[in-house]
Structure formats: structure tokens, C-alpha cells
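Here is the structure we will look at.
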Amino acid sequence: MTETVVTELNPAVSAAAVIEALTSVYDPELGIDVVNLGMVYAVTVAGSAISVEMTLTTPGCPLHSTIEAHVTQALLALRGAQEVDVQVVWDPPWSPLAMSDSAKRALGF
Amino acid sequence: MLNTDRDGAPPHLPASALVAAAAALFAATLYLAAQPQVLTGYVGAPRLIALTHAFTLGFVTLVYAGTLQQLPAVMFVTRLVWPRLGYATLSTLVLGAALLVGGFGAGMRPVLLAAGGTLVCLALGATLVQLVLTALTRPPRDAASRALITAVVYLFISVALGLALAAVRASPALAASLGYHTALHQYVGMFGAFLLGIGGSGQKLLSMFALSKGGPAWRLRVMAYLVHVCVVSLLIGVAGFAGSLMTWLSLAALAAAGALQVWEVAALLQRRLRRRLEAPVRRYVIAHAFLPAAGVLLLFGQRDAATAAFLLGFVGLAVSGMLVKILSFLTWTAAYAAPVSAPASRTAPHQGVPARRPSPPPLLRDLLRPELEPITTWGLAGGTVAVVLAMLGGWKLAASGAALLLAVGALAQLAQVVHIVVKVNQAHRVVPALAGGHAVQEREATS
């Protein structure tokens, strides 16, 4: 599974709590959360501002805006979080190799 | 950023079209159940033509037109130029299709056929213009998007040719000068619009649902060229040049195009990362078994039975599978893609803990009633086989069985689409926002 790059600068919320909150955001088609799918590339927490760099399984994914909104919503619900910035990037593209073992098993690998 | 709620039409618009399409298919099968003898009679009989158009326009074309309110935004990664045009085009299409089917069923009433055909032409013409203008804002370079656009062009040409046929039928002078070429109308619709449309949109959707990324697109490109060859050869034949050679060429191109589509789906499945396919996706895949079956029937000179296998078996099952998947996407997106609200009340005792944890929204597969899917698949597939047998042997028992199986399959599909809409609406009232915190295994266990 691809490791998420974590950066903390005087954080009001721990990066671990951010990642834990992101496991509540599911791809509703695959039934697996964005962390276990390996979509979360980087998490930066600077004070009360959280920045997440993530990807999706495919460009043009119809759930793009929905998943992005759900990530923002899940992180804004964290105590201490005031500002959330979600960047969806396509480089590097998502690959199944990025998934956790449990996600691979769930998809029948 | 793509937002299907903002960049496509409002989700309830295509969703309504998909529900109406499922209802139209069920209504057609009910009529067939009441009159199964139409399957063993003359294929040019008005009632059978009415049933065929109830299927091609009321079901397949309505699913196409509904899907085109959202799919271009997804496939071209842009926004529709007129997201609310669907209010006019879809209602016009439904009215036109109803008049056409009624016109055929009432014994080829010229006024109804002319009015219905004109409305259907207007609706699909406007849909085509919207699609082309949308594509011009971000010209698609992939074979799937281009195939989709080409399929809609052929769909429009097919209904225009159908309208021309109605005019020819009503005017002896026109008939004398133009002739009555039903094959062109049928081939353009079945292969230009349906085969190419299912090939194009299916390649995109199947690769999304099965996680089959990054394969070559040459088969789809060649298939599109072969469909062009088929239509052009027919046109040349209709114009009076080398008629038998052109017929042979069009059929050869068609056979090769069908084989490429089967090959493309097999290749997508072979490189898929998601091993277990969901039932509607399996139905889309099963549909492809009817392509070689139709080819064999055609080879043995059974053109009507081959047409039934192609339309009901291949087109019907493929469109039915995608209908359920697309509808669940649309209704889910409409219910849960709400804009991000202000932070929830902060009552959590510890830093970094979510303040509230309402239940998460359902997964897309949780929206389905799984027991209905095999009924739809095997009802429609079994009904198609029985229709073919009834047409081949003139067996009334097979015709009655076909009507029953198709009605059961269509009813299960209608029940499924109604269930999806109702379930999402109920769940949305209970689950106002996303949060949660389940592990992968927990979600898998509940689904």
C-alpha cells in the first residue's frame, strides 16, 4: 500500500486523526474507503488548516465532486479543524498497487 | 472539476427518463403477453412494428436520451452546454414515441406517424446539437467518446429515415421516386446507433465498473469504421450500384464489427482488477452472447430471428444492465452530493475526534434488491431465446412463453428502478450527511 506523506506544522489536529477521519469516506461504487484504496497521497496540517492531496480511480469519475465534498465534510467535523483544502491530482495516476491488502482482498484480488 | 449535478442535467431528469423507459418496456411486454400470436405472424404486421418501436424508442432510445443528459459530462470531462434542455427534449421524445407506437398499433395511421416521427426527430436533433456543442467545448480524443457521438448521429439519421419511410408510405408519388428501403432505416438504427453506442459507452462504463484501465482502443475505432462501411455499402446498394455485392459487403462489415465488440468486452474482462462483477454488469456482459447467435441466424438466412436476437438479446440486456447502474449513480449523486455545510456542532470531548458520526450513506450496490437482478437477466434472456424459437418454428407455445418471460423480466427491472429511487429518497431523509468510520471489512460484511 502507498504510504501517505504526512506533514505537521504546529497542528491543531493530529495527522493521524485526519487519516482516521478519511477512512470514513467511501467510494460508493467500490465500497472501500479512500485511505485503503490508496487515493490519499499527502496530508498537511498547519495549525487549524488541513490540506489533502488525493486522486481518484479514473479521470472523469462521476463521483469526483461528491467524494471531494465528503472528504471536506469529514475533515471539517474534526475538532480543531477550521480550513480544509482538497486537491485532486492525476499524477501519479491511481493504481491498484496502491491499495491496502484488505482492499485488494475485498475486490477479489 | 467535474460535478455531475452541476455539469450535467439535474439528476432527477435523466433518472425520470430511465424509470419511464423501464415502465415503457414493461407496458410493451404486457401488450405482447395479451397478443403473443404477433410473434408467429407476418413480421411487417402493424402490431409487431408497434411493439418493435415501443422497444427501440420507448425503451432503448429513451435510456440513451436520458443517459445523454449526464454521460457527456462524465466522458468528455466538461459541462453540458444547456443542462436543462432535457426537460424539452425528453418530454418531446416521450410524446413522439407514444404517437408513433400508437400510429403503428392503430394500423399505420399516417397522421400519427407523421406527428410522432416529427417530434422524435426534433427531440433527437436537439439532443444531438447539444451533444456536439458540448463536445466542441472540450473535443474528446478517446475512441469511446467519439463512438458515442457517432452513435447519436446515426440515431438521428435512423429516425429521420423512419420519418421518410412514413412519408413514402403516405404518398404514392414519393414511393415511386424514392422506393421503400426499410433496411437502411433498420441497419442505421440497429448498428450505427445501438451497436456503436453500446460499444462506446460500454467501453467507458465497463472499464469503470470492472476497473479495466489502460487497454488499447483500436478495436472500438475499427468497429466504428466497419459500421460506416456497412451503412455506406447499403446506401450504394440502395442507389442501384452492385446491389448484391454491396449487401454482402455490408453484412461482412457487420459480422466483423460484432466480433470486435465481443473481443473488446472479453479483453476488458480479462484485464479487470475487480474480479467479482455486480449483477447489472454481468447482464451487460451476458448480452454479448446474443451477438454471435444473431450472426449464426443471419448466416442461415433467418433475418427476422437474427434481428430479434440482436435487438432483444444484445441491445435489451446491455441497455438494461447499464440502466440499473446509471440510475443508482444518478439517484445516489442527487441524494448525497450536497454542498459542504458548515462544521458540525463541536461537542466531541477530544481534539481530532469527529463531533458527530451519523451513519454513512449506502453503497451503490446497497441500493439494489439483489433478488430482482437474476429475474431481470434470465427473464429477458430466456424470453429472447423463446422469441427466436417462436419466429423460427412458428410455435405458439414458444410465443406465449416468450411473452411471459419478457413480462416477468421487464417487471423485475421496473421494480428494481422504482426500488432504487424510493430507497435513496428514504435513506436520504434518514442520513443527512456523511461521516462514519467503518473498516473495509465491516462495509464488506454489510453489503
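Among B:400, A:102, sorting on how many other beta-carbon atoms sit within 10 Å of each Cβ, with the fewest leading, yields A:102, B:400. Neighbour counts of C-beta atoms inside 10 Å place A:101, B:366, A:91 in the sequence A:91, A:101, B:366, starting with the fewest. Taken as Cα centroids, the range A:59-109 and the range B:42-58 sit 48 Å apart, rounded to the nearest whole angstrom.
The stretch between residue B:169 and residue B:266, if pulled fully straight at 0.36 nm per residue, gains 30.6 nm over its current Cα-Cα span. Beta bridges per DSSP, both residues in the protein assembly as shown: antiparallel share near 45 percent.
The count of lysine pairs in chain B that are at least 8 places apart or cross chains, and whose C-alpha atoms lie under 25 Å apart, stands at 4.
Hey, with R₀ at 35 Å, roughly what FRET efficiency would residue B:180 and residue B:30 work out to, going by the Cβ-Cβ distance, to 0.05?
That gives a FRET efficiency of 0.65.
In this calculation the C-beta distance from residue B:242 to residue A:42 is compared with R0 = 60 Å, giving a FRET efficiency of 0.40. If R0 equals 35 Å, the separation of the Cβ atoms of residue A:87 and residue B:141 corresponds to a calculated FRET efficiency of about 0.90. For residue B:133 and residue B:422, the difference between the fully extended length at 0.36 nm per residue and the C-alpha to C-alpha distance is 100.6 nm.
Cβ-to-Cβ counts within 10 Å put B:49, A:50 in ascending order as B:49, A:50, the fewest first. With a 10 Å cut-off around each Cβ of A:91-102, the average count of Cβ atoms from other chains is 2. How big is the gap, in Å, between the Cα center of the range B:164-192 and the Cα center of the range B:118-148? Computed from Cα coordinates, the inter-centre distance equals 24 Å. Legend: mean number of C-beta atoms from other chains within 10 angstrom of residue C-beta atoms, peptide B:360-366, equals 5.
Distance between the 7 Å Cα→Cβ label points at residue A:101 and residue A:19: 1.6 nm.
Every read-out reported here was derived from the displayed coordinates using simple, explicitly stated rules and does not represent laboratory data. Computed from a predicted model, the values in this text were never measured in an experiment. Neighbour counts run over all protein chains shown; Cβ positions are idealised from the backbone, glycine included.
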